[in-house]
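The values are calculated or read from the model by the stated rules, or taken from the named source; none is laboratory data. This structure is a prediction, so every number in the text was calculated from the model and none was measured. Counting neighbours? That spans all protein chains shown, and the Cβs are built from the backbone with ideal geometry, glycine included. Surface areas here come from the heavy atoms of the whole protein model, side chains and all, with no ligands, DNA or RNA. Shrake-Rupley method; radii C 1.70, N 1.55, O 1.52, S 1.80 Å.
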Amino acid sequence: MSVGQLGKENLKKLEEEENLLSAEVRQQIDHWIAKYPQEQKQSAVIPALHIVQAANGGYLTNELLDEVAEYLQMPPISVYEVATFYSMFELKPVGRHKLSVCTNISCQLCGSDQVVAHLRKRLGIGFGETTPDRRFTIKEVECLGACGGAPMMMVGQTYHENLTPEKIDQILEALK
């Protein structure tokens with residue numbers, strides 16, 4: 001192997017170490033970029049943020065948002081706007097289980113206040129807080145589109161509808 005080839009390999013390794021997005025994450029993002037016209041790669045920003053958030057333990061940092069912007073060749077502020085607009089993106093560490101409680105009108109009329117009160121009592125935390133053991137985070141969200149099953153919450157990607165204190169206890173026990 002020539003000295004030039006060694007230099008190129010070392011440079012490539014150094015670039016990958018400096019890049020906050022792993023090769024696997026970039027490959028997953030590329031899958032989504034390929035779905036759009038070449039000049040519209042920024043259209044993949046939402047799936048890219050989902051991928052990066054999952055790879056980072058459930059939340060996004062400013063550095064990761066900047067990396068996504070650079071990778072998608074878009075202004076960082078545009079990525080920040082998306083990440084702060086949608087409630088599915090977290091900008092600080094969250095618990096292993098994120099409990100997203102709907103408090104919109106249908107859920108509120110059907111008892112979401114009691115759901116929230118029970119979760120607060122049971123877990124000792126409120127909205128935007130994480131239990132000391134980092135197992136649970138409670139998040140208030142707007143309509144999750146399950147009004148017929150109100151009150152409801154989403155745990156991870158799973159919907160739990162027609163909640164009662166007993167059902168909530170069963171859900172929490174199953175997550176331990």
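A crude spin-label estimate for the pair residue 61 and residue 135, with each label 7 Å from Cα along the Cβ direction, gives 2.8 nm. By the helix-only formula, in which each DSSP H run with n ≥ 4 contributes -39500 (n - 2.57) and the sum is divided by residues, the chain has a 222 nm mean residue ellipticity of -14500 deg cm²/dmol. Ranking 54, 153, 69 by how far each Cα lies toward the positive end of the dipole of the chain (charges on Cβ) leaves 153 at the top.
Scaled to the globular estimate 2.2 N^0.38 Å, the Cα spread of the stretch 97-175, given as radius of gyration, is 0.97.
A 1.4 Å probe run over the chain, with the rest of the protein chains in place, finds 60 Å² accessible per residue. In terms of its C-alpha gyration tensor, the stretch 53-94 comes out oblate, because a/c is 1.5 or above while a/b does not outweigh b/c. Within the shell defined by Cβ-Cβ distances under 11 Å, the residues around residue 130 carry a net charge of +3, with Lys and Arg each +1 and Asp and Glu each -1. Remark on the chain: 110, 143, 147 stand apart, with no other cysteine beta carbon under 4.7 Å. Over all other residues within a Cβ to Cβ distance under 14 Å of residue 105, the charged ones net out to -3, with Lys and Arg as +1 and Asp and Glu as -1. To the nearest 0.05, what FRET efficiency results for residue 34 and residue 175 with a Förster distance of 41 Å applied to their C-beta separation? Taking R0 as 41 Å, the efficiency between residue 34 and residue 175 is 0.70. Checking (1) 23.9, 90; (2) 20.8, 66; (3) 20.3, 73 against Rg and Dmax of the Cα atoms in Å calculated from these atoms, the matching label is (3).
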